[in-house]
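As structure tokens, the structure follows; a few thoughts come after it.
The values are calculated or read from the model by the stated rules, or taken from the named source; none is laboratory data. In this text the structure is predicted, and so the values were computed from the model without any measurement. Ideal geometry is used to build each Cβ from the backbone, glycine not excepted, and the neighbour counts take in all protein chains shown. Accessible surface is based on the protein model in full, side chains and every heavy atom, while ligands, DNA and RNA are left aside. Shrake-Rupley method; radii C 1.70, N 1.55, O 1.52, S 1.80 Å.
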Amino acid sequence: PAMTHPRLVVVADRGAEVAIAESHIGLGDAQYFTNAVSEMVCGDNASLTHWKVQRESTRAFHVAMQTARVGASARFSTMNICMGGALVRNDVHTLLAGEGIDARVDGLYLAGGRQHVDNHTFIRHGQPHCHSFELYKGILDGHSRGVFNGRIYVDPVAQKTDAKQENNCMLISDDARINSNPQLEIFADDVKCTHGAAIGKTDDESLFYLRSRGIPLTEARDLMVYAFASEVLERITEEPLKVRLEDDIFDWLERSRRERG
């Protein structure tokens, strides 16, 4: 099987504004291995927005490392959308190396069949007066497995840190499993840090409400899954990319229904 080692390097200099979409797509059902590296530097007062979309073959292996170093008063945003791959591992490391940074680390992962998706994130607050917000959502069907391991580390000098981390997951089938491990390591004494995880199935009352309005069961479930994912998708400012991902989610739901029979 084929093996590829793509490397992406993005440097946003002082005051620059950059938006980039990184896409990994596999056509057909081939088996191959992707070993991807993304390195980003966001300079002082710069703005860097990054979206990564992974729609590889359901027999592919995808292992990725992403690192970002963010300068003072910068705005940094990264989003990881994962829909393909038999075995997927994403490591996302973000260093807030200056004061006054506003950072977002978001993700959405969908898995069905016997897919396995790992997301490991690490946000390090190295300087004071920084804000970070992390939201990862997962939708699992079939016999799929998911892992979320999110770690926020606050240095002793990083006073006035404001950090929030949230991982929510929806299990569509009884056989799907998710392991969620949010972590906070705080070595400063004047901070606001929260984390949380929620795992559940589709809400029966909401499903009944939609069906009572004449919406068929299948479409009602699809709407609920889409509504769950939309909190992440709504943060995408590039409309063509957002519309494409919305279509991909409904295509994924249709494939999942076929696999369930």
With the 8 Å Cα cutoff and a minimum separation of six or more residues, the range 95-235 has a relative contact order in percent of 22 percent
Helix 239-260 axis, angle to the chain major axis (alpha carbon atoms, nearest 10°): 40 degrees
Distance (nanometres) between label positions extended 7 Å along Cα→Cβ at Val11 and Ala198: 4.3 nm
Ignoring ligands, DNA and RNA, please state the percent of accessible area on the chain from carbon and sulfur, probe 1.4 Å. 50 percent
Sorted on mean Cβ neighbours within 10 Å (highest first), peptides 43-50, 28-35 come out as 43-50, 28-35
Quick one: helix 217-233 against the long Cα principal axis of the chain, what's the angle to the nearest 10°, folded into 0 to 90? 10 degrees
Measure up Lys160/Lys201; Lys192/Lys242; Lys137/Lys192 against 29 Å on the Cα-Cα distance and list the ones that go over. Lys160/Lys201; Lys192/Lys242
Would you mind checking the radius of gyration and Dmax of the range 1-81 based on alpha-carbon positions, in Å? 14.6, 45
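Heavy atoms only, probe 1.4 angstrom, no DNA, RNA or ligands counted: give me Leu135, Leu217 ranked by accessible area, highest first.
Largest to smallest exposure gives the sequence Leu217, Leu135.
Order the peptides 1-7, 161-167 from the highest to the lowest mean number of other Cβ atoms within 10 Å of their residues. If you can, show how the numbers build up before the last one.
Values: 1-7: 9.7, 161-167: 20.6.
With the highest mean Cβ count within 10 Å placed first, the list reads 161-167, 1-7.
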Net lengthening on full extension, Glu238/Ala188 (0.36 nm per residue, minus Cα-Cα): 14.3 nm
Averaging over all projection directions, find the projected area of the Cα convex hull of the range 145-256 and quote it in nm² with one decimal place. 9.5 nm²
For the chain, what is the accessible area per residue in Å², given a 1.4 Å probe and the full set of protein chains? 47 Å²
Take the alpha carbon atoms of the range 147-220, find their center, do the same for the range 1-53, and report the distance between the two centers in whole angstrom. 25 Å
